[in-house]
1. So if each residue of separation counts as 0.36 nm, and I subtract the Cα-Cα distance between residue 122 and residue 193, what length gain in nm does that give?
2. Summarise the accessible area of the stretch 132-178 (1.4 Å probe, protein heavy atoms) by the percent that is carbon and sulfur.
3. For the stretch 144-191, just say rounded, prolate or oblate: build the C-alpha gyration tensor, square-root its eigenvalues into a ≥ b ≥ c, call rounded for a/c under 1.5, and beyond that prolate if a/b exceeds b/c, oblate if not.
4. What does the charge add up to near residue 165, with Lys and Arg as +1, Asp and Glu as -1, over the other residues with Cβ less than 12 Å from its Cβ?
5. Multiply the residue gap between residue 41 and residue 72 by 0.36 nm, knock off their C-alpha separation, and tell me the result in nm, one decimal place.
6. Spin-label point model (7 Å from Cα, Cβ direction): what's the residue 207 to residue 32 distance in nm?
7. What's the center-to-center distance, using Cα atoms, between the stretch 175-198 and the stretch 1-52 in Å?
8. Based on the Cβ-Cβ distance of residue 50 and residue 140, what FRET efficiency does E = 1/(1 + (r/R0)^6) give at R0 = 22 Å, to the nearest 0.05?
Amino acid sequence: MDIQEIRRHNARLLAEKGKTLANFAEVIGRPATQVSRFMGKNPTRSIGSKIAREIEYGFNKPHGWLDIYHETANDSRQLKTDGNLLVSGYDIEGTRSIPVISWVQAGDFNDNGGLYAPVDDTTEYTAYHGRISNGAYALIVQGDSMVSPYPGQMSFLPGSRVVIDPALEPQPGQYVVVRLPGTDDVTLKQLVRDNGQLFLKPLNPQYTTMPFPEDGHICGVVVSINTKLS
């Protein structure tokens, strides 16, 4: 179940209280036709972060409530936050909501040991199922350096969301996020070893494999990739 399915499930729990989508729409101050598009029997739109926060406000739910799977509308479990920092993802039956942060934030974030991810009212989340550290975060893939032209090969398409665990010990063959020395640049590449030396390898052969920089810092290991459909 991805973040959109979780949000829609939770929103429908809240809608059951009012019995109709029209009542739900009135509570959040949106047209009933718009609500039908993201909560009807055959939804055509997703529930974005802005509308998710409006739903939480309208139904007197805490920030992030809609992003965590709930069995009932009265379930009070929520994302644990402290000010503008995510203290730890909330784990419910192995599914956790991971904050999507910027590439610049990823470099700064890991200077703090990967313990806190910056979040605010505009933060989006992506779902991850399985064991993962509380410092996990997600990034939106940019550019085509990790897009393989070969059918059947691993690719990271632009716009996809990669979930990163900074607590994992990186191994050759894994995909890692690395901050390059002397810059704020953070890059996603495959970590490879050749003749005892480590390299950062793009999956697109139009880009050059580079030796792992002497003062480079691995910000985490990719554990999942989610493609946003809408």
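1. 21.6 nm
2. The C+S portion of the solvent-accessible surface of the stretch 132-178 is 53 percent.
3. prolate
4. On the way: positive: 96, 131; negative: 169.
Summing Lys and Arg as +1 and Asp and Glu as -1 gives +1.
5. Between residue 41 and residue 72, full extension yields an extra 9.2 nm.
6. Result: 5.0 nm between the two label points.
7. After rounding, the separation between the Cα centres reads 42 Å.
8. 0.80
The values are calculated or read from the model by the stated rules, or taken from the named source; none is laboratory data. In this text the structure is predicted, and so the values were computed from the model without any measurement. Reconstructed Cβ throughout: ideal geometry from the backbone, glycine too, with neighbour counts over all protein chains shown. Protein only, heavy atoms only, side chains kept; ligands, DNA and RNA dropped before computing areas. Shrake-Rupley method; radii C 1.70, N 1.55, O 1.52, S 1.80 Å.
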